[in-house]
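K.L.:
One structure is given below, represented as structure tokens, and several questions about it will come after.
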Amino acid sequence: MNYFNGITDLEKAKLQYRKLAKKLHPDKGGTVVESQKMRDEYKTLLLRIQYNFNVNITSVDLLLHSSFVPFSSILLQ
């Protein structure tokens with residue numbers, strides 16, 4: 001990724017997108033091609049951030065559920 005190097009946070013990604021959109025927009029002196037490349041990269045980054053968030057949530061769920069002991073099983077002992 002050229003436009004979003006080192007960005008892994010959603011808020012930072014949004015700020016960088018806005019900054020680049022103003023700079024690369026064809027009406028502001030940028031080109032359609034560069035603007036589209038940046039938008040495509042932004043979409044890819046958002047998908048990566050969403051995937052990492054979902055993986056982390058799944059990991060926490062697995063950890064919580066693996067240590068979960070139903071109350072009924074405690075009563076039966």
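K.L.:
Quick check on my filter: what residues within the range 9-31 are touching a helix residue (DSSP H, G or I) at 6+ places or on another chain (Cβ under 7 Å) and either without any contact (Cβ under 8 Å) to a residue 24 or more places away in the chain or not aliphatic (A, V, I, L, M) (or both)?
P.N.:
Hits for the range 9-31 are 17, 20, 22, 24, 25, 26, 28, 30.
K.L.:
Kindly provide the set of residues from the range 25-41 that are out of contact with any Leu (no Cβ under 8 Å at 6 or more places or on another chain) and surrounded by 15 or more Cβ atoms within 10 Å (Cβ to Cβ), ordered by number.
P.N.:
Listed by number, the residues that qualify are 25, 39, 41.
Values quoted throughout were computed directly from the atomic coordinates according to the rules given, and no laboratory measurement underlies them. Computed from a predicted model, the values in this text were never measured in an experiment. Neighbour counts run over all protein chains shown; Cβ positions are idealised from the backbone, glycine included.
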